[in-house]
1. Give me the distance in nm between label points sitting 7 Å out from Cα along the Cα-to-Cβ direction at A116 and F138, one decimal.
2. What is the sum of charges around D131, taking Lys and Arg as +1, Asp and Glu as -1, for the other residues whose C-beta is under 15 Å from the C-beta of D131?
3. Given labels modelled 7 Å from the Cα in the Cβ direction, how far is it in nm from Q43 to S96?
4. In square angstrom, what is the accessible area per residue of the range 37-153 with a 1.4 angstrom probe?
5. Can you classify the range 51-146 as rounded, prolate or oblate using the Cα gyration tensor, where a ≥ b ≥ c are the square roots of its eigenvalues, rounded means a/c under 1.5, and otherwise it's prolate if a/b beats b/c and oblate if not?
6. Would you work out the charge dipole size for the range 54-153 about its Cα centre, treating the Cβ of every Lys and Arg as +1 and the Cβ of every Asp and Glu as -1, and quote it to the nearest 20 debye?
Amino acid sequence: MRKQLFLSAVLLCLLSAGLVALPALLRPQRASAATQIFASPIQGGCYIAAPNDCRLHVDPFTIYLATGTKLVSFQLLAQPSGGNLSVIYDFKPDLSNPVPFSGSTYAPSLVTQDFAATCGKTYALWLIGQDSGDANPFVLGGTGDFTCPAGVP
């Protein structure tokens, strides 16, 4: 209570001295730049396709774009436990005919939803994306760690 009274007194003094204009205090402040691109949850896992042949599977997902923006790119990345990120899917639309149109959603039909993996390894999957309203790509989602089964079915 005492702090509020003190701040009110300081503000009153500044206003009466003409050092602060009331309209400037009432005007909404512009928010700092925020992410303009979002995605549905990213889910995936690993399975045995054949003896000693494991595959990463990514469930379908949707990318949401803010009004007035267009999709620049998105990438799916896989990260084995203790290893480096690897791009497993890289998408960029046609520059002369960018998709989707602004303020919409995009549900990619991946060329394949199954990507090579090492049996017995632990992985995490990440989706990063960028639209024309953002200067840099953002992490749009990812899975927790999961372990591929042993290589024998």
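The values are calculated or read from the model by the stated rules, or taken from the named source; none is laboratory data. Since the structure is predicted, the reported quantities are computational estimates derived from the model, not experimental observations. Backbone-built Cβ (ideal geometry, glycine too); neighbour counts: all protein chains shown. To get the accessible areas, we keep the full protein, side chains included, count just its heavy atoms, and leave off ligands, DNA and RNA. Shrake-Rupley method; radii C 1.70, N 1.55, O 1.52, S 1.80 Å.
1. 3.4
2. Working: positive: K70, K92; negative: D134.
So the environment of D131 carries a net charge of +1.
3. 4.0
4. Values: 6190 Å² over 117 residues.
Per residue, the range 37-153 has 53 Å² of solvent-accessible surface.
5. Taking the square roots of the gyration eigenvalues as a ≥ b ≥ c, the range 51-146 is prolate.
6. Values: 4 positive and 7 negative charges, 24 e Å.
In total the dipole reaches around 120 debye.
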